[in-house]
Amino acid sequence: MTSNLTNESARVAAMFRKMLVIRAFEEAAGENFFAGYVRGSVHQYIGEESIAVGICENLRDDDYLTSNHRGHGHSIAKGADPRAMMLELFGKVGGTSDGKGGSMHIADFSVGMLGANGVIADGCTISVGAAQAVKLLGQDRIVVNFIGDGGINRGPFMEALNWAKVYELPVLFVCENNQIAATTTTRLVTAGEGIARRAESFDVPAVTIDGNDLFTVDGTAARVISEIRNGSGPQLIQAMTYRLRGHFAHDDAGYREPGEAEAALEHEPIRRTESWLCENGLSQDELDAMRAEVTAEIAGYVDDAMQADWPDPSLAFTDVQDVGAPNMPGAIS
Amino acid sequence: MSEMTYAQAARLGLQEEMRRDPTVWALGEDLGYEGGMAGQYSDLQAEFGADRIVDTPISESTIMGAAVGAALAGTRPIAELRFSDFAMCAVDELVNQAAKARYMFGGQARVPMVARMPIGIRGGIAAQHSQSPEAWYTHVPGLVVVTPGTPAENRGLLKAAIRCDDPVVYMEHKGLWGVTGEVDENDPSEIPLGVARTVRDGRDITIVSWAAQVGVAAEAAEALASEGISAEIIDLRTLWPWDRDTVMASVARTGRLLVVHEAVRVGGFGGEIAAEVAEELGVPVARLGGERIPIPFSIPLEEAYKIKADRIAARVREMPA
């Protein structure tokens, strides 16, 4: 990369690279789902990368993060190893959970990533509890919970908002509002004005931003996270975005209006960030080289995942519990 | 030794653990002013402060879910749900989160929490405050299920549950809150999880039970003794893991097994024990449990649900010798 970049351009380029890693990871996850190597459900984060990257850029390694079913981007942005994540998607040894969890249960406790989650809005209650532990232990970590617009109609979200405010906990709720809950248009099943108003009704400050604008996400996160770390109590960021793919890889999103996704491409975050970088010191050649490097990196992880060993079946019976742990098959008559 | 109630003994056990380990804390409704439904938290907020004995909103999902998060983040929370019936509002957080985090995340996580959810008939609180759903949780991989039967056990088992690195479903029986017993205050040791207690030795039949039903089984054993039938009574104390060795050794000697529980018989944990014993020892087995009806309110109706000593004795007499 050119050495005469401003600090600002270099910082944005680093964030952009992370966004490219997420995009390439998700494309590879989808391809290998259709190729039959990745089983189950793969919920891609394509089109929303600026939110995870812009938020996590402002976190420390020891801050906590809880995620949801669409968690690959959050995990990578928080610092989880994408190679281990790819191995996990393939169900192989060396995956983040050695194949026990898969796509919806990626976690990396070494970077405070307390887990993706297959149950909508359950991360909300886990987050407020983690924040209570942080206070009890006298730490200055904060907890970020990523939730989607579909999750705001579950009780635990509203319970957790109330709880976070009652105890003035250091929690940042980030609602990625991609406007569709699985296959149902969220506003058709949501009364009132939505998430920001719900947060405000609990006296939790809420701000609505363009989530596809990396600079807005980064700037808002910098301010809000600093306030929370300095004792503001919980806050909420509603980041408006658009899910460029279906709910999961095998959803062709036929419920969309014709041309809707194509029109959305114009506002998608990678294109927008790339334009800014072009105008602020990076040449198209440099950007293309970066993209090629990231693509090769992810392709390498896919190769590694193809080659990696399957877990020994005995691993199915470990890490259940200490007291009353299961017997290995054949151990009892 | 001092004489104290089941509730007071639990309070003592919690107080000892909170003094020993600053990461132990409790959260639930009405723990401060009320001190818990039976005084099992009484005055502890004055000693440990409102950040460690936390009065919460009526938000069962978050009481349980916050305990999961707090356990993942390095503390040992005790989630007080007041009634196992109310804990049903938080089954998702217990079953989908607490029980599975360690496994799903490939061993990166531990969830050292206690979900305290009293069971059983206390008298006159009817269908939504009297249930005994302990079998539900024995079915869930990852959970430990404890049902203390005496004051000393409610202290010692609670201490073990708090120290355990697994999520523990801790089910005190509401009918026992006021029962008194000897507790050795100078012995701060825990009672190990997964170890049953032989309440009464016998030769002719083994009766396995837990929680308040143990006392009823002991009454039946007294009546049977006068007829020359010697019944051994075992209090399981922990349902998962249940003390297979003690039960099998006892039944191998007595040759017959009766399991008795207050919970509904159909799908109750008695069926599991009876099946295991029958498969392993091939001896006659039987179960007694509640009929499959909601717990009724009125005295004669509620009494009609209960498994009394005379029914236990009659069932023993019916069994093949």
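The values are calculated or read from the model by the stated rules, or taken from the named source; none is laboratory data. Given the structure is predicted, the values throughout are model-derived calculations rather than measurements. No Cβ is skipped: glycine too gets one built from the backbone with ideal geometry, and neighbour counts run over all protein chains shown. Only protein heavy atoms, including side chains, enter the accessible area calculation; ligands, DNA and RNA are left aside. Shrake-Rupley method; radii C 1.70, N 1.55, O 1.52, S 1.80 Å.
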Legend entry - Check on B:A67, at the interface with chain A (Cβ under 7 Å from one of its Cβ atoms) and under 20 Å from the mean Cα position of the chain (by Cα): yes
Inset, instruction - State all residues of segment B:70-94 that are out of contact with any strand residue (DSSP E or B) (no Cβ under 6 Å at 6 or more places or on another chain), open to solvent by 10 Å² or more (accessible area, probe 1.4 Å), within 12 Å of chain A (Cβ to nearest Cβ) and not in a loop (DSSP other than H, G, I, E, B); if no residue qualifies, say none. - result: B:L72, B:C89, B:V91, B:D92
Legend entry - Among (1) assigned to a loop (DSSP other than H, G, I, E, B); (2) farther than 24 Å from B:C89 by Cα; (3) under 19 Å from the mean Cα position of the chain (by Cα) - the single one B:A38 does not satisfy: (2)
Inset, instruction - For segment A:275-329, name all the residues that are assigned to a loop (DSSP other than H, G, I, E, B), open to solvent by 80 Å² or more (accessible area, probe 1.4 Å) and either more than 14 Å from chain B (Cβ to nearest Cβ) or closer than 22 Å to A:E88 by Cβ (or both). - result: A:D309, A:W310, A:D312, A:P329
Legend entry - Residues within segment A:16-62 that are among the aromatic types (F, W, Y) and under 30 Å from B:A73 (Cα atoms), tallied: 2
Inset, instruction - Determine which single condition A:A249 fails, assuming it passes every other condition in (1) open to solvent by less than 50 Å² (accessible area, probe 1.4 Å); (2) in a helix (DSSP H, G or I); (3) of a type outside the set (D, E); (4) under 23 Å from A:G94 (Cβ atoms). - result: (2)
Legend entry - Selection status of A:A107, within 13 Å of the chain's Cα centre (by Cα), open to solvent by less than 10 Å² (accessible area, probe 1.4 Å) and within 8 Å of chain B (Cβ to nearest Cβ): yes
Inset, instruction - Report the residue count in segment A:57-89 for those that are over 24 Å from A:G129 (Cβ atoms) and within 14 Å of chain B (Cβ to nearest Cβ). - result: 6
Legend entry - Subset of segment B:201-240 [open to solvent by 10 Å² or more (accessible area, probe 1.4 Å), out of contact with any Gly (no Cβ under 8 Å at 6 or more places or on another chain) and either of a type in the set (S, T, Y) or in the same structural domain as B:P133 (by TED's automatic domain parsing) (or both)]: B:S226
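Quick grid of which residues meet (1) in a strand (DSSP E or B); (2) aliphatic (A, V, I, L, M); (3) touching a Phe, Trp or Tyr at 6+ places or on another chain (Cβ under 6 Å); (4) without any contact (Cβ under 8 Å) to a residue 12 or more places away in the chain:
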site	(1), (2), (3), (4)
A:N32	no, no, no, no
A:S41	no, no, yes, no
A:I51	no, yes, no, no
A:R83	no, no, yes, no
A:V119	no, yes, no, yes
Legend entry - Hits in segment B:98-107 - residues which are in a helix (DSSP H, G or I) and either more than 9 Å from chain A (Cβ to nearest Cβ) or open to solvent by 10 Å² or more (accessible area, probe 1.4 Å) (or both): B:A98, B:R102, B:Y103, B:M104
Legend entry - Check on B:A9, touching a residue at least 60 places away in the same chain (Cβ under 8 Å), assigned to a helix (DSSP H, G or I) and surrounded by 24 or more Cβ atoms within 10 Å (Cβ to Cβ): yes
